[in-house]
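A short worksheet on the structure shown next.
The values are calculated or read from the model by the stated rules, or taken from the named source; none is laboratory data. Source: prediction; values computed, not measured. No Cβ is skipped: glycine too gets one built from the backbone with ideal geometry, and neighbour counts run over all protein chains shown.
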Amino acid sequence: MVWLFVIVGALFFGLILYWQFILAEGAYFGSALVALLYDWTAERYNSIKAFNEAEEDFTLGRPLANRLYTQPEALVLDVATGTGRLAFTLLRQPNYQGRIIGLDRASKMLAVARRDLEAQYPGRVMLVQADAMALPFADNSLPAVTNLEAMEFYPDPKHGLTEMIRVLQPISAHNPDGGWLLTTNRIGWEAKLMPGKTWSRLQLEAILDQFPLRYIDIQIWETIYDLIWAQKIEEEA
């Protein structure tokens, strides 16, 4: 009987570890641990994810470049850039001639991004190690802010969203093109195992309604994420 309890206890403990470190990727233990876990896999990350260039261009790079067609030299901030996934697909688009700031907390992920991006697109990407909870940019300063597959790993996802919207340029009389926000929200059965880190579609819509956003478009992407496009408008004084 004692062995039965030991086995059940070990299985339960194993499930807890799998939940916290594999599914949640350390999100409940703070951003420092999340960054450490990503740094451990930095050199293998791209091969693990096995990104498909054609799919990336069709779902991410081309749509973003098209939304920036009146601002082909727009500066794009990619929050939680990792190994440069968004940067690569956007820079492959011939009608985008701008530069990208890639921001991440994981130093080894940034090192991989720096090595690979500089080899292919020298001078077009600046990489910054910083916290997504306190973006080091002025209010209303950036024409585009992107963030892929990351908000669920933030200490406070809503605050992370608030920061991205804070630095995004609004549509205004002086800037009719405004800026674009591109981010994701995790969905599917795994999302239900991350309470407080993910939102249902109804919760997501209610949260977005609290911000000065328009042209909100929510699409299912890669089956386990909602892909969110939006523009910011000026708030009334």
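Annotations
- With respect to (1) outside any strand (DSSP E or B); (2) among the small types (G, A, S); (3) crowded, with 19+ Cβ neighbours inside 10 Å, the lone exception for A173 is condition (3).
Residue-by-condition table, conditions (1) under 20 Å from L213 (Cα atoms); (2) within 12 Å of the chain's Cα centre (by Cα); (3) loosely packed, with under 14 Cβ neighbours inside 10 Å:
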{"residue": "L68", "(1), (2), (3)": "yes, no, no"}
{"residue": "A74", "(1), (2), (3)": "yes, no, no"}
{"residue": "D78", "(1), (2), (3)": "yes, yes, no"}
{"residue": "L127", "(1), (2), (3)": "no, no, no"}
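- Among the residues of segment 184-195, not a single one is modelled with pLDDT of 90 or more, in a helix (DSSP H, G or I) and buried (at least 18 other Cβ atoms within 10 Å of the Cβ).
- Any hit, segment 196-217, residues being among the basic types (K, R) and over 23 Å from D139 (Cα atoms): yes
- For A42, the conditions (1) more than 19 Å from A150 (Cα to Cα); (2) touching a residue at least 24 places away in the same chain (Cβ under 8 Å) all hold with the exception of (1).
- Each residue in segment 215-236 was checked for being closer than 16 Å to V167 by Cα, surrounded by 12 or more Cβ atoms within 10 Å (Cβ to Cβ) and either among the charged types (D, E, K, R) or out of contact with any Pro (no Cβ under 9 Å at 6 or more places or on another chain) (or both), and 3 pass.
- Within segment 58-83, residues that are among the polar types (S, T, N, Q) sit with their Cβ atoms under 6 Å from residues that are assigned to a loop (DSSP other than H, G, I, E, B), at 6+ positions apart or across chains, in these pairs: T70/D177; Q71/P143; Q71/D177.
- Close pairs (9 angstrom Cβ cut-off, 6 or more residues apart or separate chains): among the hydroxyl-bearing types (S, T, Y) in segment 110-131, buried (at least 16 other Cβ atoms within 10 Å of the Cβ) and not in a loop (DSSP other than H, G, I, E, B) anywhere: Y121/A87; Y121/F88; Y121/L91; Y121/I100
- Which numbered condition V76 misses (of (1) in contact with a Pro (Cβ under 8 Å, 6 or more places away or on another chain); (2) closer than 22 Å to W40 by Cβ): (2)
- Subset of segment 29-56 that is of a type in the set (F, W, Y) and under 17 Å from the mean Cα position of the chain (by Cα) - its residue that is surrounded by the fewest Cβ atoms within 10 Å (Cβ to Cβ): F51
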